[in-house]
Amino acid sequence: MKNKQSLKLRSAVLLSACVFGFYTVSCSSLHKDKGLPVIGKSVALFDHFNYKGEDDFYVSNPLPSEDSFYNPILPGWYSDPSICTNGEGDYFLATSTFSYFPGVPLFHSKDLVNWKQVSNILNRPSQLMNMKGQHVSGGIFAPAIEYNPHNKTYYMITTNVGAGNFFVKTQDPFGDWSDPIMLPEVTGIDPSFFFDDNGKAYIVNNDDAPDNKPEYSGHRTIRVQEFDVRTDKTVGPRKVLINKGARPADKPIWIEGPHLYKINGKYFLMSAEGGTSNWHSEVIFSGDSPMGTFTPWKNNPILTQRHLDPSRPNPVTCAGHADIIQTKEGDWWAVFLACRPINNKFENLGRETFLMPVKWSDDGFPYMTQDDELVPLIVNRKGVKREKEVTFGNFERNDTFDSTALSMDWMTLRAPAIDLYNLAQTPGYLTLKCANISTTEKDVPAYVCRRIQHHKFECDTRMLFNPFDDKEKAGLLLFKDESHQYFLCIEKVGGTKHISLKWIGESENKTLYSHKIDDEITAIDLKVISRGTHFDFYYSSDQIDWKLLCKNIDATYLSTATAGGFTGTTIGLYATCK
């Protein structure tokens, strides 16, 4: 936190901290103006944003060795993971973002355990067409990332629900990727590339039932088409590889998220099945050619938790949508999505990215779980040392907005929103305009956010704001979708300043709690504490004493169990005049 008040009381402590490097803020911030900045009309200034995970499992189950790690490796809403390698020890992992901007975070690792976000693949508006008007669970579905060693190019292919299937490519995954190359011949969703060792390339994806005549709800197919890497176009006919699923007589639903592999001379087609909720699973087929015929493994599914006792402790559910990779050392690993519901009832985290080793059957098929095997919450990779800064477990993320750009884990909705927020206008603060757009609209509001990554967490910010009229509001927003939100805000009620908690629904907004505060207060701290099942909301006007506004606010309102959809809950800074 930038120390703009009570400087004399803490000067000795800060001086010592600057000398020894223990204070989290750079010493240069001490030379900033000791007073508060001027607050412009219809804007809110945010001094800092702090997030701290406090999940019980990590506290009660410390990692046993330096080569162990927690699942999920990317906690919170990082769904539909896909992974690739260049064969030289670099691993890249991408996940879905739906209607958030920027799109498709890209993580890099040298050992599969220590991951760092290096970019967002879709970081320009030109790569995200027709996002306005799409529901938050629209947009970008199931990115699949692959490396083609024949032209040393990385490809990311995906579905934009509002525009169709497309891919982008680069030879430098740490830099910018191309603008979208559309694939109008590839209908359906969830495309992925396969680059064969003979130089040929293919696209497989989920598509309609044969002749567009489904026999039941959820009847889908996996189709394949050859792809010409020289022209960046599909060639030849589209062919149905899988109709219905691994066991057609059982009427399986939503076979999707396919990947093709060639392992030891044999082709494998791996797909998710059963929908993305509790019946989710992963199945596998083998064949002699990318164009088929493919035969299901007798022991499918190769990954699921759907049949396990729902009362088991620390349940992992919805496991599926996997991708597998062989390391430089020769072992195999899988990334996949799964959920961690509280008491197997609900969660606000969304579908998260898990990692576990791949096993091989005696008849040569890869699998992750069989029978009653559990998805492990603690895994080890022998010979890999866990670094100090990791993406899993309980961690803190603190931002003092001293930089000229937001860090890569910040997001907005549908577009960059650079006309609504600013880091240069008042240095050391994030400035948000009170936009005439709300988060209930399928548009671009003044909302800057990050994923919630823990059941139990604390999050706080310091805001400087003087609402001009009864319409202007700013503060901390918990956002699941357009019609499921909680908003801890400063507003005017009858001309006087209040701190309020708003319940935002599909057809109405309600004030759950409101407390009058002194109109002279311009700087106020806001805090939400999540206890997993409930939220507590606090505020402070002196940076010392926290006052309770309300507690035991039902967290299930923001859950997928209540709201549906494909995303998790985000939390962030929001300003509106609507």
Checklist entry - Quick check, is residue 101 closer than 16 Å to residue 175 by Cα and touching a residue at least 60 places away in the same chain (Cβ under 8 Å)? => result no
Checklist entry - Looking at this structure, is residue 88 at pLDDT below 95 and out of contact with any helix residue (DSSP H, G or I) (no Cβ under 8 Å at 6 or more places or on another chain)? => result yes
Checklist entry - All but one of (1) among the acidic types (Asp, Glu); (2) part of a strand (DSSP E or B); (3) surrounded by fewer than 21 Cβ atoms within 10 Å (Cβ to Cβ) hold for residue 146; which doesn't? => result (3)
Next on the checklist: Considering only region 551-562, I want to know if a residue exists there that is assigned to a strand (DSSP E or B), at pLDDT 95 or above and open to solvent by less than 40 Å² (accessible area, probe 1.4 Å).
Outcome noted: yes
Item to check | Sole residue being at pLDDT below 95 and small (Gly, Ala, Ser), chosen from 393, 350, 383 | outcome: 383
Checklist entry - How many residues are more than 16 Å from residue 157 (Cα to Cα) and of a type outside the set (Lys, Arg) if we restrict to region 183-221? => result 16
Next on the checklist: Among the residues that make up region 524-531, is at least one of them open to solvent by 40 Å² or more (accessible area, probe 1.4 Å), at negative phi and modelled with pLDDT of 95 or more?
Outcome noted: yes
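Would you mention how many residues in region 207-249 are in a strand (DSSP E or B), open to solvent by less than 40 Å² (accessible area, probe 1.4 Å) and out of contact with any Ser or Thr (no Cβ under 8 Å at 6 or more places or on another chain)?
Taking region 207-249 as the starting set, the residues that turn out to be in a strand (DSSP E or B) are 207, 221-228, 233-243.
If we keep only those that are open to solvent by less than 40 Å² (accessible area, probe 1.4 Å) too, we end up with 207, 221-222, 224-225, 227-228, 234, 241-242.
Checking which are out of contact with any Ser or Thr (no Cβ under 8 Å at 6 or more places or on another chain) leaves us with 221, 224, 234.
Number of matching residues: 3.
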Checklist entry - Would a scan of region 357-379 turn up a residue that is open to solvent by 20 Å² or more (accessible area, probe 1.4 Å), in contact with an Asp or Glu (Cβ under 8 Å, 6 or more places away or on another chain) and more than 30 Å from residue 288 (Cβ to Cβ)? => result no
Checklist entry - Residues of region 266-297 being in contact (Cβ under 8 Å) with a residue 24 or more places away in the chain and of a type in the set (D, E, K, R), which ones? => result 266, 273, 282
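Table: residues versus (1) in contact (Cβ under 8 Å) with a residue 40 or more places away in the chain; (2) of a type in the set (Gly, Ala, Ser).
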position: 351; (1), (2): yes, no
position: 359; (1), (2): no, no
position: 366; (1), (2): yes, no
position: 386; (1), (2): yes, no
position: 396; (1), (2): yes, no
position: 417; (1), (2): yes, yes
position: 423; (1), (2): no, no
position: 426; (1), (2): yes, no
position: 443; (1), (2): yes, no
Item to check | Given (1) within 30 Å of residue 490 (Cα to Cα); (2) at pLDDT 95 or above, index of the condition residue 35 fails | outcome: (2)
Next on the checklist: Going residue by residue through region 398-407, is there one that turns out to be closer than 23 Å to residue 355 by Cα and touching a Lys or Arg at 6+ places or on another chain (Cβ under 9 Å)?
Outcome noted: no
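Quick grid of which residues meet (1) under 30 Å from residue 388 (Cα atoms); (2) without any contact (Cβ under 8 Å) to a residue 24 or more places away in the chain; (3) surrounded by fewer than 19 Cβ atoms within 10 Å (Cβ to Cβ):
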residue	(1), (2), (3)
112	yes, no, no
115	yes, no, no
122	yes, no, no
150	no, no, yes
167	no, no, no
175	yes, no, yes
188	no, no, yes
199	no, no, yes
Checklist outcome for this item: All-but-one check, residue 139 against (1) open to solvent by less than 10 Å² (accessible area, probe 1.4 Å); (2) closer than 24 Å to residue 89 by Cβ, failing number (2)
Checklist entry - If you scan region 79-110, which residues turn out to be in a strand (DSSP E or B), open to solvent by less than 10 Å² (accessible area, probe 1.4 Å) and over 20 Å from residue 356 (Cβ atoms)? => result 98, 100, 103, 104, 105, 106
Checklist entry - Which residue out of 498, 515, 484 is under 30 Å from the mean Cα position of the chain (by Cα) and open to solvent by 10 Å² or more (accessible area, probe 1.4 Å)? => result 484
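Consider region 385-405. How many of its residues are crowded, with 18+ Cβ neighbours inside 10 Å and assigned to a loop (DSSP other than H, G, I, E, B)? It would help to see each step written out before you state the result.
So in region 385-405, the residues crowded, with 18+ Cβ neighbours inside 10 Å come out as 386, 391-394, 399-401.
Adding the requirement that they be assigned to a loop (DSSP other than H, G, I, E, B) leaves 386, 391-394, 400-401.
Of the residues in region 385-405, 7 are crowded, with 18+ Cβ neighbours inside 10 Å and assigned to a loop (DSSP other than H, G, I, E, B).
Out of region 488-524, which residues are farther than 20 Å from residue 468 by Cβ and in contact with a Lys or Arg (Cβ under 6 Å, 6 or more places away or on another chain)?
Listed by number, the list holds a single entry, 503.
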Checklist outcome for this item: By residue number, the members of region 30-57 that are aromatic (Phe, Trp, Tyr) and either assigned to a strand (DSSP E or B) or surrounded by 20 or more Cβ atoms within 10 Å (Cβ to Cβ) (or both) are 46, 49, 51
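The values are calculated or read from the model by the stated rules, or taken from the named source; none is laboratory data. Worth saying up front: this structure is predicted, and the values here are computed from it rather than measured. We place every Cβ from the backbone using ideal geometry, glycine too, and count neighbours over all the protein chains shown. Side chains are part of the model used for accessible areas, which takes the heavy atoms of the whole protein and leaves out ligands, DNA and RNA. Shrake-Rupley method; radii C 1.70, N 1.55, O 1.52, S 1.80 Å.
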